[in-house]
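Right, one structure below, let's go through it.
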Ligand code: SF4
(Lines give C-alpha, C1' and ligand atoms only; values in the text may rest on other atoms or scores of the structure.)
Protein backbone atom coordinates (compact mmCIF):
# COMPACT_ATOMS: atom_id res chain seq x y z
CA UNK A 1 0.00 0.00 0.00
CA UNK A 2 1.49 3.34 -1.05
CA UNK A 3 1.41 5.93 1.72
CA UNK A 4 1.39 9.41 0.21
CA UNK A 5 3.47 12.04 1.94
CA UNK A 6 1.14 14.70 3.30
CA UNK A 7 1.62 18.09 1.67
CA UNK A 8 -0.14 21.41 1.76
CA UNK A 9 -3.16 21.70 -0.54
CA UNK A 10 -2.78 24.43 -3.16
CA UNK A 11 -5.59 25.73 -5.40
CA UNK A 12 -4.83 26.11 -9.09
CA UNK A 13 -7.91 27.57 -10.74
CA UNK A 14 -10.69 25.06 -10.30
CA UNK A 15 -8.43 22.17 -9.25
CA UNK A 16 -6.29 21.45 -6.18
CA UNK A 17 -2.81 19.99 -5.92
CA UNK A 18 -1.41 18.37 -2.77
CA UNK A 19 -3.04 17.31 0.46
CA UNK A 20 -5.44 14.43 -0.05
CA UNK A 21 -6.36 15.34 -3.62
CA UNK A 22 -5.64 12.92 -6.51
CA UNK A 23 -2.24 13.26 -8.17
CA UNK A 24 -2.72 15.72 -11.03
CA UNK A 25 -1.58 14.92 -14.59
CA UNK A 26 -0.11 17.85 -16.46
CA UNK A 27 1.63 18.61 -19.71
CA UNK A 28 3.09 21.49 -21.66
CA UNK A 29 2.09 22.73 -25.10
CA UNK A 30 4.71 22.67 -27.83
CA UNK A 31 2.85 25.14 -30.03
CA UNK A 32 3.85 28.79 -30.41
CA UNK A 33 1.85 30.45 -27.62
CA UNK A 34 1.35 33.51 -29.85
CA UNK A 35 -0.64 31.27 -32.19
CA UNK A 36 -3.83 31.20 -30.12
CA UNK A 37 -5.90 28.86 -32.33
CA UNK A 38 -3.16 26.24 -32.58
CA UNK A 39 -2.46 26.39 -28.86
CA UNK A 40 -6.15 26.14 -27.95
CA UNK A 41 -6.55 23.17 -30.33
CA UNK A 42 -3.65 21.37 -28.70
CA UNK A 43 -4.97 22.08 -25.21
CA UNK A 44 -8.35 20.63 -26.21
CA UNK A 45 -6.65 17.46 -27.46
CA UNK A 46 -4.70 17.25 -24.22
CA UNK A 47 -7.87 17.65 -22.18
CA UNK A 48 -9.61 14.93 -24.17
CA UNK A 49 -6.67 12.61 -23.47
CA UNK A 50 -6.95 13.23 -19.71
CA UNK A 51 -4.64 16.18 -19.04
CA UNK A 52 -5.74 18.17 -15.98
CA UNK A 53 -3.38 21.15 -16.00
CA UNK A 54 -1.58 22.70 -18.94
CA UNK A 55 1.47 24.92 -19.21
CA UNK A 56 2.54 27.20 -22.03
CA UNK A 57 5.84 28.96 -22.62
CA UNK A 58 5.79 32.76 -22.41
CA UNK A 59 8.95 33.91 -24.19
CA UNK A 60 7.83 37.47 -25.00
CA UNK A 61 5.13 40.10 -24.48
CA UNK A 62 3.14 38.98 -27.52
CA UNK A 63 2.89 35.49 -25.99
CA UNK A 64 1.91 36.98 -22.60
CA UNK A 65 -0.83 39.04 -24.22
CA UNK A 66 -2.21 35.94 -26.00
CA UNK A 67 -2.87 34.18 -22.68
CA UNK A 68 -6.23 35.84 -22.03
CA UNK A 69 -7.60 34.68 -25.39
CA UNK A 70 -6.25 31.17 -24.82
CA UNK A 71 -7.75 31.05 -21.35
CA UNK A 72 -11.19 32.11 -22.60
CA UNK A 73 -11.31 29.17 -25.00
CA UNK A 74 -10.19 26.31 -22.75
CA UNK A 75 -11.42 24.48 -19.67
CA UNK A 76 -8.10 23.44 -18.15
CA UNK A 77 -6.26 25.59 -15.61
CA UNK A 78 -3.47 27.45 -17.41
CA UNK A 79 0.12 27.81 -16.26
CA UNK A 80 2.50 30.44 -17.64
CA UNK A 81 6.13 29.35 -17.88
CA UNK A 82 8.41 32.35 -17.52
CA UNK A 83 12.11 32.81 -17.21
CA UNK A 84 13.63 35.92 -15.64
CA UNK A 85 11.06 38.56 -16.60
CA UNK A 86 8.88 40.35 -14.04
CA UNK A 87 7.07 42.18 -16.85
CA UNK A 88 6.03 38.94 -18.53
CA UNK A 89 4.93 37.52 -15.17
CA UNK A 90 2.84 40.61 -14.37
CA UNK A 91 1.21 40.62 -17.80
CA UNK A 92 0.46 36.88 -17.57
CA UNK A 93 -1.24 37.42 -14.22
CA UNK A 94 -3.26 40.29 -15.71
CA UNK A 95 -4.34 37.97 -18.52
CA UNK A 96 -5.95 35.60 -16.02
CA UNK A 97 -3.56 32.63 -15.74
CA UNK A 98 -4.05 30.15 -12.91
CA UNK A 99 -0.44 29.45 -11.96
CA UNK A 100 2.98 30.87 -12.60
CA UNK A 101 6.17 28.94 -13.10
CA UNK A 102 9.04 31.27 -12.31
CA UNK A 103 12.08 31.18 -10.08
CA UNK A 104 11.99 34.30 -7.90
CA UNK A 105 15.77 34.37 -7.53
CA UNK A 106 16.06 34.86 -11.29
CA UNK A 107 13.67 37.79 -11.63
CA UNK A 108 16.19 40.49 -10.73
CA UNK A 109 15.86 43.30 -8.19
CA UNK A 110 13.97 42.90 -4.91
CA UNK A 111 11.47 45.44 -6.14
CA UNK A 112 10.66 43.36 -9.22
CA UNK A 113 10.25 40.20 -7.14
CA UNK A 114 7.99 42.02 -4.71
CA UNK A 115 5.76 43.29 -7.54
CA UNK A 116 5.30 39.79 -8.97
CA UNK A 117 4.63 38.28 -5.55
CA UNK A 118 2.11 40.99 -4.64
CA UNK A 119 0.26 40.46 -7.94
CA UNK A 120 0.23 36.68 -7.39
CA UNK A 121 -1.15 37.25 -3.88
CA UNK A 122 -3.87 39.59 -5.12
CA UNK A 123 -4.99 37.12 -7.81
CA UNK A 124 -4.52 34.04 -5.57
CA UNK A 125 -2.10 32.53 -8.06
CA UNK A 126 0.40 29.92 -6.87
CA UNK A 127 4.00 29.98 -8.00
CA UNK A 128 5.92 26.88 -8.97
CA UNK A 129 9.62 27.05 -8.35
CA UNK A 130 11.22 24.87 -11.00
CA UNK A 131 14.84 23.95 -10.40
CA UNK A 132 16.56 22.26 -13.32
CA UNK A 133 19.99 20.68 -12.91
CA UNK A 134 21.02 22.13 -16.26
CA UNK A 135 20.43 25.73 -15.24
CA UNK A 136 21.69 25.90 -11.68
CA UNK A 137 23.03 29.22 -10.33
CA UNK A 138 26.72 29.81 -11.02
CA UNK A 139 27.70 30.28 -7.37
CA UNK A 140 26.06 26.98 -6.40
CA UNK A 141 27.84 25.20 -9.21
CA UNK A 142 31.12 26.65 -7.94
CA UNK A 143 30.31 25.56 -4.37
CA UNK A 144 29.66 21.97 -5.55
CA UNK A 145 32.83 21.74 -7.70
CA UNK A 146 30.98 22.42 -10.94
CA UNK A 147 28.49 19.60 -10.39
CA UNK A 148 24.74 20.12 -10.23
CA UNK A 149 24.33 17.50 -7.53
CA UNK A 150 21.02 16.65 -5.87
CA UNK A 151 22.20 18.59 -2.81
CA UNK A 152 22.97 21.64 -4.95
CA UNK A 153 19.54 21.43 -6.59
CA UNK A 154 17.84 21.28 -3.20
CA UNK A 155 19.91 24.24 -1.99
CA UNK A 156 18.79 26.21 -5.04
CA UNK A 157 15.14 25.33 -4.41
CA UNK A 158 15.42 26.34 -0.76
CA UNK A 159 16.85 29.71 -1.80
CA UNK A 160 13.89 30.44 -4.04
CA UNK A 161 11.47 29.18 -1.39
CA UNK A 162 13.00 31.47 1.27
CA UNK A 163 12.68 34.49 -1.03
CA UNK A 164 8.94 33.87 -1.35
CA UNK A 165 8.47 33.03 2.33
CA UNK A 166 10.26 36.23 3.33
CA UNK A 167 7.56 38.08 1.40
CA UNK A 168 4.98 36.06 3.31
CA UNK A 169 4.06 34.05 0.23
CA UNK A 170 3.42 30.35 0.79
CA UNK A 171 1.23 29.45 -2.17
CA UNK A 172 4.13 27.43 -3.54
CA UNK A 173 4.81 24.24 -5.50
CA UNK A 174 8.29 22.96 -6.28
CA UNK A 175 9.98 20.79 -8.90
CA UNK A 176 13.56 19.55 -9.06
CA UNK A 177 14.35 18.02 -12.39
CA UNK A 178 17.47 16.36 -13.70
CA UNK A 179 17.86 14.29 -16.84
CA UNK A 180 18.98 11.22 -14.91
CA UNK A 181 16.93 9.16 -12.52
CA UNK A 182 19.37 8.91 -9.63
CA UNK A 183 19.80 12.66 -9.14
CA UNK A 184 16.11 13.35 -9.68
CA UNK A 185 15.03 10.80 -7.08
CA UNK A 186 17.70 11.84 -4.58
CA UNK A 187 16.80 15.53 -4.90
CA UNK A 188 13.06 14.96 -4.41
CA UNK A 189 13.70 12.66 -1.44
CA UNK A 190 15.84 15.33 0.21
CA UNK A 191 13.44 18.18 -0.45
CA UNK A 192 10.40 16.23 0.69
CA UNK A 193 12.00 15.97 4.13
CA UNK A 194 12.52 19.72 4.31
CA UNK A 195 9.26 21.27 3.12
CA UNK A 196 5.61 20.29 2.83
CA UNK A 197 4.82 22.25 -0.32
CA UNK A 198 3.28 20.08 -3.06
CA UNK A 199 5.84 18.59 -5.41
CA UNK A 200 5.62 18.55 -9.19
CA UNK A 201 7.59 15.46 -10.19
CA UNK A 202 9.20 14.54 -13.48
CA UNK A 203 12.41 13.49 -15.20
CA UNK A 204 13.43 16.20 -17.63
CA UNK A 205 14.82 15.75 -21.15
CA UNK A 206 13.81 12.11 -20.84
CA UNK A 207 13.91 11.53 -24.59
CA UNK A 208 11.70 10.23 -27.37
CA UNK A 209 8.54 8.22 -26.72
CA UNK A 210 10.43 4.95 -26.19
CA UNK A 211 13.30 6.12 -23.98
CA UNK A 212 11.27 8.85 -22.29
CA UNK A 213 8.58 6.39 -21.31
CA UNK A 214 11.12 4.06 -19.75
CA UNK A 215 12.97 6.88 -17.96
CA UNK A 216 9.79 8.50 -16.65
CA UNK A 217 8.28 5.21 -15.59
CA UNK A 218 11.33 4.31 -13.53
CA UNK A 219 11.92 7.78 -12.06
CA UNK A 220 8.32 8.60 -11.34
CA UNK A 221 7.62 5.02 -10.32
CA UNK A 222 10.24 5.17 -7.56
CA UNK A 223 9.06 8.56 -6.30
CA UNK A 224 5.34 7.82 -6.42
CA UNK A 225 5.87 4.45 -4.77
CA UNK A 226 7.60 6.27 -1.91
CA UNK A 227 4.62 8.61 -1.64
CA UNK A 228 6.45 11.58 -3.18
CA UNK A 229 4.69 13.67 -5.82
CA UNK A 230 1.43 15.61 -6.03
CA UNK A 231 1.41 16.38 -9.75
CA UNK A 232 3.41 14.82 -12.53
CA UNK A 233 4.62 15.57 -15.98
CA UNK A 234 6.09 12.96 -18.28
CA UNK A 235 8.51 14.79 -20.61
CA UNK A 236 8.65 13.33 -24.11
CA UNK A 237 10.08 14.57 -27.37
CA UNK A 238 6.74 13.95 -29.04
CA UNK A 239 3.17 15.11 -29.34
CA UNK A 240 2.32 16.04 -25.70
CA UNK A 241 -0.80 13.86 -25.89
CA UNK A 242 1.64 10.92 -25.65
CA UNK A 243 2.77 12.29 -22.28
CA UNK A 244 -0.77 11.99 -20.95
CA UNK A 245 -1.12 8.39 -22.05
CA UNK A 246 2.12 7.46 -20.28
CA UNK A 247 1.25 9.44 -17.15
CA UNK A 248 -2.12 7.70 -16.87
CA UNK A 249 -0.57 4.28 -17.31
CA UNK A 250 2.09 5.02 -14.66
CA UNK A 251 -0.57 6.03 -12.13
CA UNK A 252 -2.87 3.15 -13.08
CA UNK A 253 -0.05 0.58 -12.95
CA UNK A 254 0.90 1.70 -9.44
CA UNK A 255 -2.79 1.56 -8.40
CA UNK A 256 -2.81 5.19 -7.48
CA UNK A 257 -5.53 6.27 -9.89
CA UNK A 258 -7.96 4.47 -12.16
CA UNK A 259 -8.62 5.57 -15.73
CA UNK A 260 -10.75 2.76 -17.08
CA UNK A 261 -10.05 -0.74 -18.27
CA UNK A 262 -6.70 -2.43 -17.59
CA UNK A 263 -5.60 -4.67 -20.44
CA UNK A 264 -3.06 -7.40 -19.78
CA UNK A 265 -1.78 -9.76 -22.45
CA UNK A 266 0.68 -12.62 -22.58
CA UNK A 267 3.98 -12.24 -24.46
CA UNK A 268 3.04 -15.08 -26.89
CA UNK A 269 5.23 -18.12 -27.50
CA UNK A 270 5.44 -21.20 -29.68
CA UNK A 271 2.04 -22.34 -28.38
CA UNK A 272 0.22 -19.32 -29.85
CA UNK A 273 -1.92 -20.21 -32.85
CA UNK A 274 -3.84 -16.98 -33.41
CA UNK A 275 -2.71 -13.42 -34.22
CA UNK A 276 -2.51 -12.45 -30.58
CA UNK A 277 -0.39 -9.33 -31.09
CA UNK A 278 -2.92 -7.89 -33.51
CA UNK A 279 -5.79 -8.89 -31.25
CA UNK A 280 -4.22 -7.40 -28.10
CA UNK A 281 -3.65 -4.10 -29.90
CA UNK A 282 -7.22 -4.08 -31.22
CA UNK A 283 -8.59 -4.79 -27.74
CA UNK A 284 -6.44 -2.05 -26.19
CA UNK A 285 -7.68 0.47 -28.78
CA UNK A 286 -11.31 -0.64 -28.52
CA UNK A 287 -11.48 -0.34 -24.72
CA UNK A 288 -9.53 2.91 -24.35
CA UNK A 289 -11.91 5.60 -23.22
CA UNK A 290 -14.43 3.13 -21.70
CA UNK A 291 -14.91 4.35 -18.16
CA UNK A 292 -15.26 0.99 -16.38
CA UNK A 293 -13.04 -0.29 -13.58
CA UNK A 294 -12.35 -3.70 -15.17
CA UNK A 295 -9.44 -5.98 -15.94
CA UNK A 296 -9.41 -7.73 -19.29
CA UNK A 297 -6.81 -10.27 -20.41
CA UNK A 298 -5.74 -11.43 -23.86
CA UNK A 299 -3.99 -14.80 -23.63
CA UNK A 300 -2.45 -16.92 -26.34
CA UNK A 301 -3.23 -20.54 -25.50
CA UNK A 302 -5.34 -22.93 -23.51
CA UNK A 303 -2.33 -24.33 -21.65
CA UNK A 304 -1.64 -21.32 -19.44
CA UNK A 305 -4.32 -18.88 -20.59
CA UNK A 306 -7.24 -20.06 -18.41
CA UNK A 307 -5.22 -20.17 -15.18
CA UNK A 308 -3.35 -16.92 -15.72
CA UNK A 309 -6.46 -14.98 -16.68
CA UNK A 310 -8.54 -16.35 -13.79
CA UNK A 311 -8.55 -12.98 -12.03
CA UNK A 312 -9.59 -11.03 -15.13
CA UNK A 313 -13.19 -9.85 -15.41
CA UNK A 314 -13.13 -10.90 -19.05
CA UNK A 315 -10.53 -12.82 -21.03
CA UNK A 316 -9.80 -14.03 -24.51
CA UNK A 317 -7.93 -17.32 -24.60
CA UNK A 318 -6.53 -18.21 -27.98
CA UNK A 319 -6.77 -21.67 -29.56
CA UNK A 320 -6.15 -22.88 -33.12
CA UNK A 321 -7.83 -20.15 -35.20
CA UNK A 322 -10.50 -19.92 -32.48
CA UNK A 323 -10.73 -18.23 -29.12
CA UNK A 324 -12.46 -18.87 -25.85
CA UNK A 325 -14.08 -16.06 -23.91
CA UNK A 326 -13.98 -16.40 -20.14
CA UNK A 327 -15.42 -14.45 -17.24
CA UNK A 328 -13.41 -14.69 -14.03
CA UNK A 329 -11.88 -17.93 -15.29
CA UNK A 330 -15.16 -19.53 -16.40
CA UNK A 331 -15.42 -20.17 -20.13
CA UNK A 332 -18.61 -18.72 -21.55
CA UNK A 333 -18.09 -18.93 -25.32
CA UNK A 334 -16.01 -20.46 -28.10
CA UNK A 335 -15.73 -18.19 -31.17
CA UNK A 336 -13.85 -18.38 -34.49
CA UNK A 337 -10.87 -16.01 -34.71
CA UNK A 338 -12.71 -13.86 -37.23
CA UNK A 339 -15.49 -12.91 -34.78
CA UNK A 340 -13.48 -12.98 -31.59
CA UNK A 341 -13.05 -9.24 -31.10
CA UNK A 342 -16.70 -8.51 -31.88
CA UNK A 343 -17.96 -11.14 -29.45
CA UNK A 344 -15.51 -10.06 -26.81
CA UNK A 345 -16.74 -6.46 -27.06
CA UNK A 346 -20.36 -7.65 -26.86
CA UNK A 347 -19.54 -9.52 -23.64
CA UNK A 348 -17.75 -6.44 -22.32
CA UNK A 349 -20.84 -4.30 -22.85
CA UNK A 350 -22.81 -6.56 -20.54
CA UNK A 351 -20.35 -6.14 -17.66
FE1 LIG B 1 2.61 -18.95 -24.40
FE2 LIG B 1 0.17 -19.58 -23.62
FE3 LIG B 1 1.80 -18.31 -21.91
FE4 LIG B 1 0.80 -17.01 -23.98
S5 LIG B 1 -0.37 -17.88 -22.28
S6 LIG B 1 2.96 -17.02 -23.34
S7 LIG B 1 0.72 -18.58 -25.55
S8 LIG B 1 2.06 -20.37 -22.73
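The values are calculated or read from the model by the stated rules, or taken from the named source; none is laboratory data. Keep in mind that this is a model prediction, so the values were computed, not measured. Virtual Cβ from ideal backbone geometry, glycine too; neighbours counted across all protein chains shown.
Worth a mention:
- Looking only at the stretch 30-65, residues that are surrounded by fewer than 21 Cβ atoms within 10 Å (Cβ to Cβ), over 17 Å from the mean Cα position of the chain (by Cα) and under 19 Å from residue 240 (Cβ atoms) come to 11 in all.
- Test: residue in the stretch 176-197 that is within 16 Å of the ligand (Cβ to nearest atom) and surrounded by fewer than 20 Cβ atoms within 10 Å (Cβ to Cβ): no
- Scanning the stretch 257-268 for residues that are surrounded by fewer than 17 Cβ atoms within 10 Å (Cβ to Cβ) and more than 16 Å from the ligand (Cβ to nearest atom), we see that the one that is modelled with the highest pLDDT is 257.
A quick yes/no check of all residues on (1) within 30 Å of residue 18 (Cβ to Cβ); (2) within 16 Å of the ligand (Cβ to nearest atom); (3) touching a strand residue (DSSP E or B) at 6+ places or on another chain (Cβ under 7 Å); (4) not assigned by TED's automatic domain parsing to the domain that holds residue 30:
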{"site": "220", "(1), (2), (3), (4)": "yes, no, yes, no"}
{"site": "230", "(1), (2), (3), (4)": "yes, no, yes, no"}
{"site": "243", "(1), (2), (3), (4)": "yes, no, yes, no"}
{"site": "270", "(1), (2), (3), (4)": "no, yes, no, yes"}
{"site": "273", "(1), (2), (3), (4)": "no, yes, yes, yes"}
{"site": "283", "(1), (2), (3), (4)": "no, yes, yes, yes"}
{"site": "304", "(1), (2), (3), (4)": "no, yes, no, yes"}
{"site": "309", "(1), (2), (3), (4)": "no, yes, yes, yes"}
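- Of 321, 342, all but one fail to be more than 26 Å from residue 246 (Cβ to Cβ), over 34 Å from the mean Cα position of the chain (by Cα) and surrounded by fewer than 13 Cβ atoms within 10 Å (Cβ to Cβ); the exception is 321.
- Only a single item in (1) modelled with pLDDT under 95; (2) more than 21 Å from the chain's Cα centre (by Cα) is not met by residue 133, and it is number (2).
- Residues that are over 15 Å from residue 280 (Cα atoms) number at least 1 in the following strands (runs of 3 or more DSSP E) confined to the stretch 297-351: 322-327, 330-336.
- Per the listing 74, 23, the residue uniquely assigned by TED's automatic domain parsing to the domain that holds residue 106 and in contact (Cβ under 8 Å) with a residue 60 or more places away in the chain is 23.
- Checking the stated criteria, residue 298 turns out not to satisfy the condition of being within 11 Å of the ligand (Cβ to nearest atom), surrounded by fewer than 17 Cβ atoms within 10 Å (Cβ to Cβ) and either closer than 22 Å to residue 49 by Cβ or not assigned by TED's automatic domain parsing to the domain that holds residue 31 (or both).
- Any hit, the stretch 124-134, residues being in contact with a helix residue (DSSP H, G or I) (Cβ under 6 Å, 6 or more places away or on another chain) and surrounded by fewer than 20 Cβ atoms within 10 Å (Cβ to Cβ): no
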